[in-house]
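Working notes, beginning with the structure itself.
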Amino acid sequence: MPANKILIVDDEQPIVRLLSMSLKSDGYETFSAYSGEEALDVFEKSDPDIVVTDIKMPGMDGLTLLKKIKELDPEKEVIIVTGHGDIDSTITALQYGASDFINKPVRDEALAIALERAKTKICIREQLASYTHDLEEKVAEATKEIQRKSNFQRLLIHSSHDAIVAFDQDWRIVVYNPEAARIFGQRGRDVLNKMTIDDLYTSQMARYFRKEAKNKVNHTDLPWQEMILETRSKNKMPVRYATNVLHEKNEFMGIVNFFQDLTEIKRLEKELIQSERMAAVGQTVSGLAHYVKNILIGLKGGSYVVDVGLQNNNMEKLNTGWQTIKKNIKRVADLTQDMLAYAKDRKPEAEACFPNDIVEEVVELVTDFAASHNIHISRICDPGLDEMMLDPRTVHRALLNLVNNAMEACLELEDDTRKFVVEISITKGDDGSAIFAVKDNGIGMDEETRTRLFTPMFSSKGGKGTGLGLLVTKKLVEEHGGTIDIDTSLGYGSVFTMRLPEQPGISRNGNNKG
Amino acid sequence: MCKKVLVVDDDPDVRSFVVTVLEENQFTPLVACDGVEGLEMIQKETPDLVILDVLMPKGSGIRLYHHLKTDDTLKAVPVIMFTGIALRSFLKSQKALEEFKGEKVPEPDIYLEKPVEPQDLVDAIKKKI
């Protein structure tokens, strides 16, 4: 323990010597003085921790010494040695700040106790001082850190690309960054701590956020939403915004709004849509032009052959040329019909019909073509299939398209060894819809062809397809409330499955079978 | 003796047109419907000229052309490409085939894009034989 230096003051030298010896043997370092004046002198030179002084001394007495020491250093402990019953001096000593009293004659135990007490006091004071010092340092450090963090946050808010506007519990604006100033067109110094929500937002918005603040007591985060922001100066811009309602211990503290200006993004989106549309139009037109060119080639070739037939009076040439022309006229007709079917909305006209019969019709139409190309057409009809309310024209057209595609898929696979089969099956689904499946063992499709199947003007048939066939089929099926699914494997064939639900019938001659 | 001209095209309309043009101009027409048949015909009949479509099933015109121009016995037979696709696309696919097969072939002697006037076709044929 550092409080180890003791100054002993008494005009009676033997007492001083005795006490000094005794304290030295206890391990203290001692200094002696035989008068108040001398004591002050020694005090200043040796800087003791504790002073033990007699009261009654010639010249400067103990009380005056006490007073002077306390003036020099109020932290020094002074133990007063008094005679019995000297109450007045005791009180004065207390007033001067004496730390303890011991009675004369000084006994070792009493002195030891008094010293211990003084030392404890010094020790506590030192600890307190160091603790206070530490505390001050920590406070200073924390203050600096808070300052730094607050600066950081201020910069963060300041430099944010989002507009940030925060309101306190009285709806006064307490955060308002430059991006907010840009969006709302009001300078920060005119807004911060001056305006309330009603001065910045339109009344409708202000009402909305007040309501949100009230509603969202337990759920403080509102997801990002988009809206058209209207400022009080009637400017409008598309924004994305989020709101946080702030609470402290369930007490409403205010709200924060974040706004992102979407003007540029919206403009780019619009541009993109426009350019995509232009590309689609271009693709459609060029596909169409290609197909029309093919028809033109046929017509020109055919008319030349007809000319030659006429010149030479050759019936065979005439016939060949005329067939070519007729075939290409039909292609124009088909194309026109496909285009109209694709462009126009058409409500299915359901009537009671036998799906099996429609399959028969379609098979009959393609029999000649299939036979001449060595394709076997098989059909699996469900004999239990009764009359159904379907639009027979839709079924006929869609099924014929699928069967034609299936046959072409066979011809495209250049494999003489394969026995080509197109299988048409019809069943009734659990939900009562008619399910037509057209399966071929032709060329099949890779993933790319499969995904582009329903793109306008996409054709895998070189110049031979309009690129509208499947599109029309899909449209017809969807108008009928149905779906169309494809299962395909390149080199092995495809299955197109068309599911058509029954439709409520329309009244025909007052005889509604629906 | 009339010169023999082979037309290889999968479209019967095109075949009847070309055959008529050939007959009208005193050539002997030969026909084939696809690349495989076309090659057989060339080997059997050794025509004086081949009019070849590009997009066909069973051995496209691209493949047949490549075959003709890399076969020493058939190299000399002049070929008119007669097609609906642009020359640029044809050359691109020809290049792909070259890279694949590692043999360079010359560009076609004459490349006609459909539709073609009968007289233009005749002029093209006469330029070669």
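Tabulated data
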read-out	value
Histogram of C-alpha separations across the protein assembly as shown, 20 Å bin width, %	13, 22, 16, 17, 9, 8, 12, 4, 0
Sulfur and carbon atoms: percent of accessible area, the stretch A:335-375 [1.4 Å]	52
Selection from A:93, A:373, A:115 lying farthest towards where the dipole of the protein assembly as shown points positive, charges on Cβ	A:373
222 nm mean residue ellipticity, helices alone, for chain A (DSSP H n ≥ 4; -39,500 (n - 2.57); rounded to 500)	-17000 deg cm²/dmol
Antiparallel bridges, percent of DSSP beta bridges restricted to chain B (to nearest 5)	0
Net charge over other residues, Cβ less than 12 angstrom from the Cβ of residue A:138 (K, R count +1; D, E count -1)	-4
Residue A:378 versus residue A:334: modelled label distance in nm, points set 7 Å from Cα along the beta carbon direction	2.7
Rounded to the nearest 20 debye, dipole of the stretch A:181-256 from Cβ charges on Lys, Arg, Asp, Glu	240
Helical segments meeting 24 Å axial Cα length and Kyte-Doolittle 0.0 threshold in chain A (DSSP H)	A:263-312, A:355-372, A:392-412
Number of partner chain Cβ atoms within 10 Å, mean per residue of A:294-301	6
Projected area, mean over directions - the stretch A:168-323, Cα convex hull, nm²	16.0
Cα-centre dipole for the protein assembly as shown with unit charges at Cβ (Lys and Arg positive, Asp and Glu negative), debye to 20	2380
Fraction of beta bridges assigned by DSSP in chain A that are antiparallel (%, nearest 5)	70
Relative contact order of chain A, defined on C-alpha pairs under 8 angstrom at six or more residues apart (%)	8
Accessible surface, chain B, averaged per residue in Å² (probe 1.4 Å)	48
Whichever lysines have a C-alpha closer than 20 Å to that of residue A:149, once near sequence neighbours (fewer than 8 apart) are set aside	A:138
Most positive-pole-ward Cα, A:341, A:43, B:97, against dipole of the protein assembly as shown from beta carbon charges	A:341
Farthest toward positive dipole pole in chain A [+1 Lys/Arg, -1 Asp/Glu at C-beta], among A:57, A:472, A:160	A:472
Shielded residues, the stretch B:48-87 - accessible-area loss of 20 Å² or more between chain alone and all protein chains, probe 1.4 Å	B:55, B:57, B:58, B:84
Interface area, A with B, accessible, probe 1.4 Å, both sides summed, Å² nearest 100	1700
Chain B - charge dipole about Cα centre, Lys and Arg +1 at Cβ, Asp and Glu -1, debye rounded to 20	400
P(r), alpha carbons of chain B - 5 Å bins starting at zero, rounded %	2, 11, 24, 26, 22, 11, 4, 1, 0
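The values are calculated or read from the model by the stated rules, or taken from the named source; none is laboratory data. Since the structure is predicted, the reported quantities are computational estimates derived from the model, not experimental observations. Don't worry about glycine lacking a Cβ; one is built from the backbone with ideal geometry, like all the others, and counts go over all protein chains shown. Ligands, DNA and RNA are stripped out before the accessible areas are found, and what is left, the full protein with its side chains, is counted by its heavy atoms. Shrake-Rupley method; radii C 1.70, N 1.55, O 1.52, S 1.80 Å.
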